[in-house]
Amino acid sequence: MAKLMIRTDSCKGCGLCVEACPKNILKLSETVLNAGGYHPVEVMDMSLCIGCASCARRCPDVVIEVER
């Protein structure tokens, strides 16, 4: 099973990773604000992650790492 590691304090909440995810398991948090005042991305169901790394490749700030 793949594992996503997200540095939420560096996330700017652009949503590019959310759009890139083929399994639609990412969303921008509606309740959490990070240190920069942004709503960071969060994983809804890690068990559905296929480890394709589309999210990590689309992230302009390189805040997502995928471990397979």
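The values are calculated or read from the model by the stated rules, or taken from the named source; none is laboratory data. Just so it is clear, the structure is predicted and the values come from calculations on it, not from any experiment. FYI the Cβ positions are ideal-geometry reconstructions off the backbone, even for glycines, and counts take in every protein chain you see. Side chains included, ligands, DNA and RNA excluded: accessible areas come from the protein's heavy atoms. Shrake-Rupley method; radii C 1.70, N 1.55, O 1.52, S 1.80 Å.
Within the stretch 5-35, the set of residues being in contact with a helix residue (DSSP H, G or I) (Cβ under 7 Å, 6 or more places away or on another chain) and either in contact (Cβ under 8 Å) with a residue 40 or more places away in the chain or assigned to a loop (DSSP other than H, G, I, E, B) (or both) comprises 16, 17, 21, 22, 23, 25, 34, 35. Restricting the stretch 18-41 to residues that are open to solvent by less than 40 Å² (accessible area, probe 1.4 Å) and among the small types (Gly, Ala, Ser), the residue that is nearest to residue 3 (Cα to Cα) is 20. In the stretch 42-54, the condition of being in contact (Cβ under 8 Å) with a residue 12 or more places away in the chain, of a type outside the set (Val, Ile, Thr), surrounded by 13 or more Cβ atoms within 10 Å (Cβ to Cβ) and in a strand (DSSP E or B) is met by at least one residue.
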